[in-house]
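Enquirer: Have a look at this one before I ask anything.
All of the numbers you see were taken from the coordinates with simple rules; none came from a lab. Note that this is a predicted model, so its numbers are computed, not measured. Note: ideal-geometry Cβ built from the backbone for every residue, glycine included; neighbour counts use all protein chains shown.
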Amino acid sequence: MTADTAVEDVATYVNDLYPALDKFEIAGLNDDELRVVGTAVPAIAGALKNLPPRSMYRRLAVVDLLALTGVKVTEPLGNWDCLQLVWTKLIGRATPGSPAAARTETLLAISEEELELPETDRRSRVEYAALDALRTDRLVSPEDLRKAEPAFAHDEVRRFATAVRLVRAPSITETLTASGPKRWSMSAAKLACEGLLAGASDANAELAGLVTQFNALGDMSTGRWRDVPLEAVLEMSDAYNLLRHMLDASSGQSAANLAKLVRLVSLHQRHDGMVDVSRGEPVVRLLVEENDELWDQDDDGFRLVCEWLNSALLARLPAGQSTRQALRGRLLDHWRKHRLPGTENGVSRKTADDTVYSVFDNYSRPHRQPRVLGREITHERYIRLLALLGPDIDDDVSACLSEVAVHAPSRLQPAVDLDWSALGISLHDPTLLLQLTESYYIDSRDDRGGTLWNGIRHHQTRGARALNGPTHGSFWVLMEFCLVADWAPVVNRILNHAANVQCLAEDGSGSVESDYAFTLAIDGTERTYVGDGNVWGWYRGNTGGPYPCVSALQAVERWADRTVAAGTSIETVATALLKGCDNLAMPALVVGAAIRHFGDDPRALDRYLVEPLVWQFEQYRATKEAIGFMRSPDDGITNPDRRAWHLPNLVPSLAFYADDSRRDELRGLGDQLIQNSARFDVEESTMRRWALLFDADNLMTERVQGGVQVSVREPDDIERGLAPVRADLARGDTLLGLQNKYWIPPREQKAGWTPPTAAEIAQDLAQIKELHDNPPMHSGTEPTLALAHVAAEAIRSAVTGHAEALGEQVSFAITSVIGILQQAADDAADDPDARIYESDIGTRRAAAEAIPWLLLPELTDSLTATSVTSDDVAGAANALGPLAATETCLSFARGCDLVWSHLCTGDPCIHLTAYEWALDLARFCEIGEFDEDLQEAVDVPLVGDVMLHIPQVRPHRLDTARLSATIRAVGRAATSSACVARTAHGDLDTLLRAQAKAMTALESSEHIYFADDRGAQTQTAARALLLRSSHTGAADALLLDYITTITPTAHVFSSFLQDLAVVGSETQELADAARTVWPTVFKHALDEVEKNGAVYDQPDAFVGYALGNLLPNHPETTQSMHGEIGLQTFAWVRPEDLAKFIPRWLLHAAGRRACLLELVRFLRQLSIEKQLSEGLDWVGDLCLARTDRQIVSYDPMDEWLVDIKVEADTRGSGNAWLELVDRLVYAGNARLAAYSR
């Protein structure tokens, strides 16, 4: 076992014995552990009081050294004071046979050896007489026969000794320069700077000198060294005075120096996302002093102040904190300066003239009053700072916030809706937070037609954070600092207002629609509650509702769980929560909580079970629980599994386990439920079924595996009425099952899915015929979609040697396919978007794929036996070009693959027929001239030889989407053994050159954003080109010419490269081709990029995508609209073949995030040796080489660096890894800052 700083040394000895080293991070001592140490070693307890999160005293080794001194410490010590105490009382103490000077000289000599100083710079030597005593004191490690020189016992001794060696040197930086400098010595250098500053007669001059020296060292080594003296200052008690003098003395550089301090604190004085309060305060104080209006800009300085204020709140700094008081003074001065006159005692004056009449709307509305509070004092950042003053909020600040609540409540969002701000106000006065919460969230203005207005002001959006949650807004703070009797009415008033707005009558009267007002007696008395099924489900977050209401309810739900867990009954909780409640959202939460905590009191649910509304709305809520991606998470919730309980399942269990007395009570509840039916409109049969659940005599039991199944005996008349519905629902389920079985692509089916056998297909075909002829009434889908897929699969199976798949339904399958396409063509005749979008979700595509199979000889007899003629088949195929979308045409082209693989047959040959159909798909590829009368372009089909006309179409008039299906069919035909292969080879050349030229022209025009917006063009081109290359065994000339044509348009080029990689994973044939051609593609593409430097020097996002896609990371998870990936993908990327191109690629990729993402993905495919030896340099060049376009932080890169750290340390690349991290952190990477300290 060794410290991480010695990993490289240890690795040289154990690498051959153990394949990998494990790394364990030992966290610093927490407060509880420090108290244990203080109790065990009372002498040092004083030094362990009120330590900041990143104090050196949290290191167990430092605590051990301090305890070994034997000195009683009553107060916390500074870092240098600690070193002095340990040095004088432990390291430098005299022992028998070991003089103090000898011990000191020995440790300094070992330090010089560790620093690898030249002999001319060494001033100490090892006194071997002192070694035994130093080893006894655990300062020097035991003797190692493999090493001639002694070594420190651990890092802290090395750090202390090195700091003393540096502080005694004429120049700290000269000594460091002579040593390399060693990166591990940075912490010792910081400690040495503290020592120099602490003992300097003029600390300000000393600091200026250190800053100059370490800046020079940073220029020579890495910029991280420039931070050392400033980090040392932040450790000192007089840090503010030193930094204040430094800024005053820097004249024109004060802003730059302050920005440097802000960066330093932001990066290196954080712990668990919070700023170190003591170390950050000096810089925050300077920011307050240097900026009259700190809140004017949302810059790094403002963010640091807010984060420090947050941390001060978390640390519970008491009132009277000097920096907060200084900020308060600034804020109040600003308020007094900018507050406008116009109110008396906080109330604005209004007259009758303040109302205006609208002749258009025929009603009066208030005239907009002039602002009493200007933007200068209601600005978001200004209000936020007022709230974050926390305990230092005084009466003046409270008055300011209260005035905002009166005159500009919408501006309270930063004070109420941000977690830390709400906490700050509550630490001053929780009742003020109650007032502000109600003022902000309740929007009492009239609805002025806004469709999104719901009477509640919104949460502040914060990046990718959820839109609602139990810790969003001020609600959780209220529940921590206020009594439920105080906050529950506030929450209910917010919910009441939201429910009323949701249920307003449409007559404009402002009253609630009578259908949404319900009478319940759940609190012992009959009351009216407003809402509907959606309001009932607000607390689950999946039935709509204002997000703040959802957040409030989620916070209440967790409060209820904690309160019940503490011993309070659920009835008491319910009584408190229903105080002032006139909405259905809070009762719903109470019912849910009662169900989740059901058990101790079997009667806890009784008051709710007699309300029909509760049954109806709970059933709705429980059903919505199935929508998992929408509902709120259950983190911190008691018994969340009970959310899925339905009352019809719960009540029978109550009756089943009840004794005779309780069963009588339950029967009475059932009777009461029926009596209450007047309160809620429910069908009589439904009400009777609910009531029967309370009667144990209606229950039937059946022993099943794992327990007893309880069911309810239905009344005969209800059972007779339900039987047909249940049968129809079962048929609907069957239809949906068939649809999912064939419509969902194989790759997206559940694990263990296997293709249906021929016998299964025949059975399913017969079943879909029955469902098609007699469709179920209660079904979520139409039979046509399933029919198209089942029929197409039956035909495909029949032509591939399994004629039994058609069973007795040969005619039905073929006529269904033809009929679907004929009906689709008729529907599309009047649809101007027919060639762009399909109106179904795959029906026509499935049928179109089966059309070419009807040419095959295996179906000749079957076709003859039906009413379908060859003209009908040809008509279905010919209608696709003018009337079908690209997706449908592509399905037809894929269906041709089976035709190309067959031998020639028929007159004319099936190959010629299918080929003509494929070419006809492109007949409408020319965009016609614009018709002024029709106000649209009129498309005119190409007449005659399509392949003769396509090259003659002007590029900007060529609709490349209409070429996609033809390219797909011709591309496969060209590489087949079909009789049309030679013709197809030449036609493919013509098609691809025309397509590339047209896409480039269209993309370069001002009228087209992306010529291939649906992704068909480049993917079909990529597939056809890879197929050609698979037959030649090398990159085809056409492929390189295609790249040359499209490279000037980065958008098209990026899509093509991505599709080329994706297509390569579809089959083994294409995977082998992609692996073979990519090195040539990479080199050729770089040649073309250099020729188009004017394009690829631009900071355009698609330039980055294009360059990034040259690194073909395996696209296993790529989902594409036109992909043809089956049950598996085929890995083809061989990254070692491409690594040689990376240095040249980096010249163009530098500073582009898309390229960095792909580089990191690419690196993870390389061996760890390659990642360390070259990958670190590649990443450094990509991120930092261009000063005008640096990338200092990017999550995928940061994660990769963290992931390889252990390997870097183990394999001797730790210094290279740390050098890159230092450069990134110095440039501003906060995520890696912890590794650079």
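Enquirer: Assuming R0 = 60 Å, what is the FRET efficiency of Glu936 and Gln1128, from their Cβ-Cβ distance, to the nearest 0.05?
Expert: Plugging the Cβ-Cβ distance into 1/(1 + (r/R0)^6) gives 0.85.
Enquirer: Something else: Can you tell me which lysines have their Cα less than 22 Å from the Cα of Lys750? Leave out same-chain residues fewer than eight positions away.
Expert: Lys741
Enquirer: Hey, got the dipole for segment 78-132? About the Cα centre, +1 on K and R Cβ, -1 on D and E Cβ, debye to the nearest 20?
Expert: That gives segment 78-132 a dipole magnitude of about 340 debye.
Enquirer: Regarding the chain, what is the average projected area of its C-alpha convex hull, in nm²?
Expert: The number I arrive at for the chain is 63.9 nm².
Enquirer: OK, next. Going highest first, how would you order 531-539, 329-337 by mean Cβ packing within 10 Å?
Expert: Descending mean neighbour count gives 531-539, 329-337.
Enquirer: What is segment 445-608 by shape, rounded, prolate or oblate, if you read a ≥ b ≥ c off the alpha carbon gyration tensor as root eigenvalues and call it rounded for a/c under 1.5, prolate for a/b larger than b/c, and oblate otherwise?
Expert: oblate
Enquirer: Right, something else. Where both partners of a DSSP beta bridge lie in the chain, what percent of those bridges are antiparallel, to the nearest 5?
Expert: For the chain, the DSSP antiparallel bridge percentage is about 95.
Enquirer: Same structure, new question: Direction-averaged shadow area of the convex hull around the Cα atoms of segment 681-744, nm²?
Expert: For segment 681-744, averaging the hull's shadow over all directions gives 7.3 nm².
Enquirer: Need one number: nm distance between label points at Tyr837 and Arg465, each 7 Å from Cα along Cα→Cβ, rounded to one decimal.
Expert: For the pair Tyr837/Arg465, the computed spacing is 3.6 nm.
Enquirer: So if I take the centroid of the Cα atoms in segment 544-604 and the same for segment 938-996, what is the distance between those two points in Å?
Expert: Cα centroid of segment 544-604 versus Cα centroid of segment 938-996: 68 Å apart.
Enquirer: With an 8 Å cut-off on Cα pairs and a minimum separation of 6 or more residues, tell me the relative contact order of segment 445-608 in percent.
Expert: Details: 218 pairs, mean separation 45.3, N = 164.
Worked out over segment 445-608, it gives 28 percent.
Enquirer: Excluding same-chain residues fewer than 8 positions from Lys1091, which aspartates and glutamates have a Cα within less than 20 Å of its Cα?
Expert: Glu1003, Asp1041, Asp1100
Enquirer: Place +1 on the Cβ of every Lys and Arg and -1 on the Cβ of every Asp and Glu in segment 728-907, take the dipole about the Cα centre, and give the residue among Ala788, Gln749, Gln739 whose Cα lies farthest towards its positive end.
Expert: Farthest towards the positive pole: Gln749.
Enquirer: Here's a follow-up. For the modelled label position 7 Å from the Cα of Asp300 along Cα-to-Cβ, which residues of segment 238-271 have backbone nitrogen atoms closer than 14 Å?
Expert: 255-269
Enquirer: Which one, Trp476, Trp453, Tyr516, projects farthest toward the positive side of the charge dipole computed for segment 445-608 from Cβ point charges (K/R +1, D/E -1)?
Expert: Sorting the options by dipole projection puts first Trp476.
Enquirer: If you don't mind, another one. Take the alpha carbon atoms of segment 21-99, find their radius of gyration, then divide it by 2.2 N^0.38 Å using N residues; give the quotient.
Expert: 1.19
Enquirer: Using label points projected 7 Å from each Cα along Cα→Cβ, tell me how many nm separate Glu376 and Glu665, to one decimal.
Expert: So the two model labels end up 6.9 nm from each other.
Enquirer: State whether segment 48-270 is rounded, prolate or oblate according to the following rule on the C-alpha gyration tensor (a ≥ b ≥ c being the square roots of its eigenvalues): a/c under 1.5 gives rounded; otherwise a/b larger than b/c gives prolate, and the remaining case gives oblate.
Expert: Because a/c hits 1.5 or more and a/b exceeds b/c, segment 48-270 counts as prolate.
Enquirer: Based on the mean of other beta carbon atoms within 10 Å per residue, what is the order of 737-743, 1062-1068, 218-224, most packed first?
Expert: On the way: 737-743: 18.7, 1062-1068: 22.3, 218-224: 16.6.
Answer by packing, highest mean first, reads 1062-1068, 737-743, 218-224.
Enquirer: For the chain, what is the charge dipole size about the Cα centre, in debye to the nearest 20, if Lys and Arg each add +1 at the Cβ and Asp and Glu each add -1 at the Cβ? Before the final figure, lay out each step's value.
Expert: Working: 118 positive and 177 negative charges, 778 e Å.
I would put it at about 3740 debye.
Enquirer: To the nearest 10 degrees, how steeply does helix 254-268 sit against the main Cα axis of the chain, on a 0 to 90 scale?
Expert: Tilt relative to the chain: about 70 degrees.
Enquirer: Can you tell me the length gained on complete extension of the stretch Arg1237 to Thr860, counting 0.36 nm per residue apart and subtracting the Cα distance? List each step's numbers first, then the result.
Expert: Numbers: separation 377, 0.36 × 377 = 135.72 nm, distance 7.86 nm.
Taking 0.36 nm per residue and subtracting the Cα distance, the gain is 127.9 nm.
Enquirer: Can I ask one more? For the chain, what is the mean residue ellipticity at 222 nm derived from helices alone (per DSSP H run of n ≥ 4: -39500 (n - 2.57); sum divided by total residues; nearest 500 deg cm²/dmol)?
Expert: Value at 222 nm, helices only: -17000 deg cm²/dmol.
Enquirer: Expressed as a whole number of Å, what is the distance separating the alpha-carbon centroids of segment 771-785 and segment 657-685?
Expert: Answer, in whole Å: 39.
Enquirer: Now for a separate question. Please report the spacing between the Cα centers of segment 1171-1237 and segment 291-340 in Å, no decimals.
Expert: Computed from Cα coordinates, the inter-centre distance equals 35 Å.
Enquirer: Moving on to the next point. Could you tally the net charge around Ser111, taking each other residue with its Cβ under 9 Å from the Cβ of Ser111, Lys/Arg +1 and Asp/Glu -1?
Expert: Taking every Cβ under 9 Å from that of Ser111, the sum is -1.
Enquirer: At a Förster radius of 22 Å, what calculated FRET efficiency corresponds to the Cβ-Cβ distance of Ala1034 and Asp1087, to the nearest 0.05?
Expert: It comes to 0.85.
Enquirer: Nearest 10 degrees is fine. How inclined is helix 186-199 to the longest principal axis of the chain, computing both from alpha carbons?
Expert: Between the helix axis and the principal axis of the chain, the angle is about 40 degrees.
Enquirer: Let me ask another. For segment 961-1065, which chymotrypsin sites (Phe, Trp or Tyr not before Pro) pass both filters: DSSP loop (anything but H, G, I, E, B) and at most 14 other C-beta atoms within 10 Å?
Expert: Passing sites in segment 961-1065 are Tyr1009.
Enquirer: What nm value, rounded to one decimal, do you get for the distance between Arg168 and Glu290 when each label is placed 7 Å out toward the C-beta?
Expert: Result for the modelled spin labels: 3.8 nm.
Enquirer: With unit charges on the beta carbon (Lys/Arg positive, Asp/Glu negative), name the residue among Ala914, Gln84, Trp853 whose Cα is farthest towards the positive pole of the charge dipole of the chain.
Expert: Selected residue: Gln84.
Enquirer: Report the far tail of the P(r) of segment 1153-1236, meaning the percent of Cα-Cα pairs longer than 20 Å. Present the calculation step by step, with values, prior to reporting the outcome.
Expert: Details: 824 of 3486 pairs.
Of all Cα-Cα distances in segment 1153-1236, 24 percent exceed 20 Å.
Enquirer: Write down Rg/Rh for segment 777-884, rounded to two decimals, with Rg from the C-alpha atoms and Rh from the Kirkwood relation over Cα pairs.
Expert: We get a ratio of 0.98 for segment 777-884.
Enquirer: Over 31 Å between Cα atoms, which of Lys49/Lys190; Lys624/Lys769; Lys72/Lys182; Lys89/Lys147; Lys147/Lys1205; Lys72/Lys147 qualify?
Expert: In this structure, Lys624/Lys769; Lys72/Lys182; Lys72/Lys147 exceed 31 Å between Cα atoms.
Enquirer: Let me ask another. Please give the FRET efficiency for Arg1014 paired with Arg954, using the beta carbon to beta carbon distance and R0 = 25 Å, rounded to the nearest 0.05.
Expert: Details: r = 22 Å, r/R0 = 0.89.
Calculated transfer efficiency: 0.65.
Enquirer: Rounding to the nearest 20 debye, state how big the charge dipole of segment 728-907 is about its Cα centre with +1 on each Lys and Arg Cβ and -1 on each Asp and Glu Cβ. Can you show the working numbers first?
Expert: On the way: 10 positive and 26 negative charges, 105 e Å.
That gives segment 728-907 a dipole magnitude of about 500 debye.
Enquirer: Can you give the extra length, in nm with one decimal, that the chain gains between Met220 and Val36 once fully stretched, where that is 0.36 nm per residue apart less the Cα-Cα distance? It would help to have the intermediate numbers written out before the result.
Expert: Values: separation 184, 0.36 × 184 = 66.24 nm, distance 4.57 nm.
Additional length available on full extension: 61.7 nm.
Enquirer: Please work out how much length the chain gains when fully extended from Ala399 to Thr1187, using 0.36 nm per residue of separation minus the C-alpha to C-alpha distance, in nm with one decimal.
Expert: Fully extending the segment from Ala399 to Thr1187 adds 278.8 nm.
Enquirer: Order of 591-600, 114-123, 435-444 by packing, highest average Cβ count within 10 Å first?
Expert: 435-444, 591-600, 114-123
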